[in-house]
1. Which ones in the range 462-474 are over 13 Å from residue 364 (Cβ atoms) and out of contact with any strand residue (DSSP E or B) (no Cβ under 9 Å at 6 or more places or on another chain)?
2. When the range 337-366 is examined, which residues are found to be in a strand (DSSP E or B) and surrounded by 19 or more Cβ atoms within 10 Å (Cβ to Cβ)?
3. Taking residue 454 and the conditions (1) touching a helix residue (DSSP H, G or I) at 6+ places or on another chain (Cβ under 9 Å); (2) more than 13 Å from residue 363 (Cβ to Cβ); (3) loosely packed, with under 14 Cβ neighbours inside 10 Å, which numbered condition does it fall short on, given that it satisfies the others?
4. Of all residues in the range 466-488, which are free of Cβ contacts under 8 Å to residues at least 40 places away in the same chain, part of a loop (DSSP other than H, G, I, E, B) and more than 24 Å from the chain's Cα centre (by Cα)?
5. Please determine whether any residue of the range 222-235 is more than 20 Å from residue 278 (Cα to Cα), surrounded by fewer than 22 Cβ atoms within 10 Å (Cβ to Cβ) and touching a helix residue (DSSP H, G or I) at 6+ places or on another chain (Cβ under 7 Å).
6. Which of the strands (runs of 3 or more DSSP E) found entirely inside the range 392-451 contain at least 3 residues meeting this: touching a residue at least 40 places away in the same chain (Cβ under 8 Å)?
7. Give the number of residues within the range 467-487 that are surrounded by fewer than 16 Cβ atoms within 10 Å (Cβ to Cβ) and either over 16 Å from residue 404 (Cβ atoms) or not assigned by TED's automatic domain parsing to the domain that holds residue 416 (or both).
8. Quick one: how many residues across the range 23-40 are under 25 Å from residue 329 (Cβ atoms) and touching a helix residue (DSSP H, G or I) at 6+ places or on another chain (Cβ under 9 Å)?
C-alpha cells in the first residue's frame, strides 16, 4: 500500500510540473541541435508496471534537463532487463529555431520505438562467429556518378629546415548541389558490424566504394601525409590511407569534442545506429552483450575483442553513473574494426598554418571592411572540410577558426572554442583571445561597438552595411567570457 501511495504521489507531481519541464522530442529538430550532455538514468523494479517505471524514468530525465537549463531531450536508448535504463541527450536548439523535422527520434515520449527506425538488415551478412573462421567475401557495389575529385598539394615546412616538404592529400571537393545529388543516390542498406564489414564497407575498400555505399562524408580531416579521417554523422569514422579504408571506428570520445561535433549535422543513419553481429546494440550493458556474443574475449574491464586471420574487432565499454542510483554500469559505446597489419598510432588533425595578426580585422571588422583573401591568411594550407552543417560547407583552418570562401575571397568566418581533444581550458582560450586582441568579455564587446548592438540574453548581434557579427557569451553578465564569434560579410 505504501508503494502505491508513493507512486501515486509521484505521478500527481509529474502531472503538475510536466508543463514546466523540457520536452522529450518525438521528431528531430530541423536545425542540428547543440548537444549539451549525455545522461544515464536507472530505475529499479519496485512492484510497479514497466510502463509506470519508464514514465518515472523519463520524468527524471526531464528534471535533469531542467537542472541543466537545456531546451529539450532526445531519448537515445531504453533498456529493460531486471531494471529500467534510459540514456538521453540533453540539447539546445540552434539559433532559437525550435521547429521539428519529419524524421522520428529513436524513442518518443511514450517510450515507443518508431517502426521506421527499427534496425533491419536488407542484405545477408557474414556473422562474426562464422567470419572468425573464414576470409571476408567482397561485395558488389552499385556504382553512382561521382564528380571528379581535386588533389590538393600541401606545403609543409619542417622544423629547423629552410626548404619545404610537399605532401599530397586527395580529398573530394564538391559543391553543395553535388553533395545533395550524391546523398540522394544512396540509401543505407545496413548498419551491422561484423568481422567482414561495417555499415556495408570492408577493409581495403576504395574511397569511391565508400561513397557508393554511404554517400559523401559529413566531414573529412587530414591526419598526415596520405591519411585522412572521413566522418559520417558525428561519431562514425573511416580512416583512409592512400584512398583506401584501413580502419572503421565509432567512439563517443575520439577526435572531436562536443564543440567540434556540434559543428556537424546530426545524422540518424549513423549516430547511435549500429549493431554488432546483428545482436548487440549501442549502450547495451556488458552482461547482455556477453550473453548475445558469447565468443568475445575480454582484454580489459572495458574492452572485448574477436578476430580472424585478417581483421580485429574491438568493442569498447564506458562506465556510466546513474542519476537515480549510486551504482554504475558498463555500457557498450563504441567499436574499432581494422586489419591486423594496420598500426595507426595517435590520431591528430593536421591544421593549416595561419597568420594570427590577420585574424583581428577579419573577426572584428571596421564599418567599411575590405575583402580578405584566403591565401593572404594562410601560409600553409591543409584541407579539412565540413560538408554537412546547418549553414552549409566550411573549411576548418585551425582548432578555433572555420571559414567559407568563394573564389579565394572569405565570405564568412567563425571563431569557437577548440573543436578537438584535448579539451581547451577557459584560461587557454582566454589567452588565445587576448593574443588576437579580440574583446573577450560581453562588456568589452559592447564597449568596442559603443553599445550600438542588439542584445538577447547571452548573445550580441552587430549589423552594418558590410557585415553581420554574432557573438555568444557564457552568460548575460558583464564579465561573461566570449565562447563563439561569427562574422558574415555581405
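1. Across the range 462-474, the qualifying residue is only 465.
2. The answer is 337, 338, 354.
3. If we test residue 454 against (1) touching a helix residue (DSSP H, G or I) at 6+ places or on another chain (Cβ under 9 Å); (2) more than 13 Å from residue 363 (Cβ to Cβ); (3) loosely packed, with under 14 Cβ neighbours inside 10 Å, just (1) comes out false.
4. Matches in the range 466-488: 475, 476, 477, 478, 479, 480.
5. No, the range 222-235 contains no residue that is more than 20 Å from residue 278 (Cα to Cα), surrounded by fewer than 22 Cβ atoms within 10 Å (Cβ to Cβ) and touching a helix residue (DSSP H, G or I) at 6+ places or on another chain (Cβ under 7 Å).
6. 409-416
7. Residues meeting the conditions: 6.
8. Number of matching residues: 5.
The values are calculated or read from the model by the stated rules, or taken from the named source; none is laboratory data. Small disclaimer: the values here were computed from a predicted structure and weren't measured. Virtual Cβ from ideal backbone geometry, glycine too; neighbours counted across all protein chains shown.
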